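A quick write-up on the structure given underneath.
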Amino acid sequence: MLQNLHRRAREAPIARPFLKWVGGKRSILPELLARMPKDYKGYCEPFLGGGALYFAVKPKRGYLSDVNYHLALTFLAVKNDVNGVIANLKIHAVRHGKEYYLRARERLGKEKEQAKIGALLIYLNKTCYNGLCRVNRAGEFNAPIGSYEAPAILDEDNLRAASDALQGAEIKQHEFWQAKVETGTFYYLDPPYHKVYDGYAAGRFGDEDHKRLAAFCRELDKAGCLFMVSNSNTALIRSLYGKFKIEQVMASRFVSCKPTQRGKETELIVRNYE
């Protein structure tokens, strides 16, 4: 019996991001993991997105947040009611089609039940054009349907693994600068990249926001926190983080609103620790 328990533990699926998100970190995950601090008290990710680093690290205690309302609710739904999310996704998978997609897009902004919101966002994410979760300035999901023959709408095993991985996380919807500042905590900050794409939330993210993020990082540094930032390799970003350790890495950019912004690009990883 003990051998069977060990075998099931070994075979338990490892959680992966259940959403394809603009700027997702799977392509540079090895670079990020290699630069994680050796010791930290807590884990905080104020630009949650797909959560690739969180799922790879799977910390015992985490604080996850994002300004995107439906994204935060989807993570909460997967954490708190994964059975409800799966049940609704099964319905979406059976009924999927262009007209159904358009109705689901409208429903996302009207739905009140957490599990239904989570399932709608996952469904739209798996079936929209290029996986581009785009909203207009009113916060309405407006990405067109993708041309997939058989989209993988439901991955039940991974959703259950993700739910398990999220049990130790506190999940909130708010701006990055509202995240808790706690000494000894590690912060991974992955904002909408400078001069790349910022349409995942209604408010957009411009130069002044990047400046405010750099100021927040200086606040973290003074408070004795550890932080790592991913961003574009631009003059502005280099100037904002000049006092910290800046490294350049190559990354594949698969999701963008502009075809010219897809492919291999250099990115920056900024840290305040060795």
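The values are calculated or read from the model by the stated rules, or taken from the named source; none is laboratory data. Predicted model only: the values in this text are computed from it and were never measured. Please note: Cβ atoms are built from the backbone with ideal geometry, for glycine as well, and neighbour counts cover all protein chains shown.
Structure above, values below:
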| quantity | calculated |
| --- | --- |
| Candidate set: the stretch 32-56, residues that are among the charged types (D, E, K, R) and in contact with a Lys or Arg (Cβ under 9 Å, 6 or more places away or on another chain); chosen: the one modelled with the lowest pLDDT | 41 |
| Subset of the stretch 85-139 (residues that are modelled with pLDDT of 95 or more, under 15 Å from residue 70 (Cβ atoms) and small (Gly, Ala, Ser)) | 104, 115, 118, 119 |
| Tally of residues being closer than 15 Å to residue 89 by Cβ and of a type outside the set (Gly, Ala, Ser) across the stretch 139-180 | 9 |
| Selection count, the stretch 103-137, where residues are hydrophobic (A, V, I, L, M, F, W, C), touching a strand residue (DSSP E or B) at 6+ places or on another chain (Cβ under 9 Å) and not in a helix (DSSP H, G or I) | 3 |
| Condition met for residue 162 (on the phi < 0 side of the Ramachandran plot, assigned to a loop (DSSP other than H, G, I, E, B) and of a type outside the set (D, E, K, R)) | no |
| Failed condition for residue 127, given (1) buried (at least 22 other Cβ atoms within 10 Å of the Cβ); (2) under 17 Å from residue 162 (Cβ atoms) | (2) |
| Test: residue in the stretch 223-230 that is under 14 Å from residue 193 (Cβ atoms) and modelled with pLDDT of 95 or more | yes |
| Hey, residue 164 out of contact with any strand residue (DSSP E or B) (no Cβ under 8 Å at 6 or more places or on another chain) and touching a residue at least 60 places away in the same chain (Cβ under 8 Å) or not | yes |
| Qualifying residue in the stretch 17-28 (condition: among the basic types (Lys, Arg), more than 10 Å from the chain's Cα centre (by Cα) and modelled with pLDDT of 95 or more) | no |
| Listing of helices (runs of 4 or more DSSP H) fully contained in the stretch 42-98 that carry 2 or more residues being surrounded by fewer than 19 Cβ atoms within 10 Å (Cβ to Cβ) | 69-80, 82-95 |
| Residue within the stretch 116-138 that is among the charged types (D, E, K, R) and under 17 Å from the mean Cα position of the chain (by Cα) present | yes |
| Single unsatisfied condition, residue 141 versus (1) under 26 Å from residue 13 (Cβ atoms); (2) crowded, with 19+ Cβ neighbours inside 10 Å; (3) not small (Gly, Ala, Ser) | (1) |
| Selected residue [exposed (fewer than 14 other Cβ atoms within 10 Å of the Cβ), over 19 Å from residue 46 (Cα atoms) and free of Cβ contacts under 8 Å to residues at least 60 places away in the same chain] from 223, 152 | 152 |
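Per-residue answers, yes or no, for (1) hydroxyl-bearing (Ser, Thr, Tyr); (2) surrounded by 14 or more Cβ atoms within 10 Å (Cβ to Cβ); (3) modelled with pLDDT under 95:
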position	(1), (2), (3)
181	no, yes, no
185	yes, yes, no
197	yes, yes, yes
253	no, yes, yes
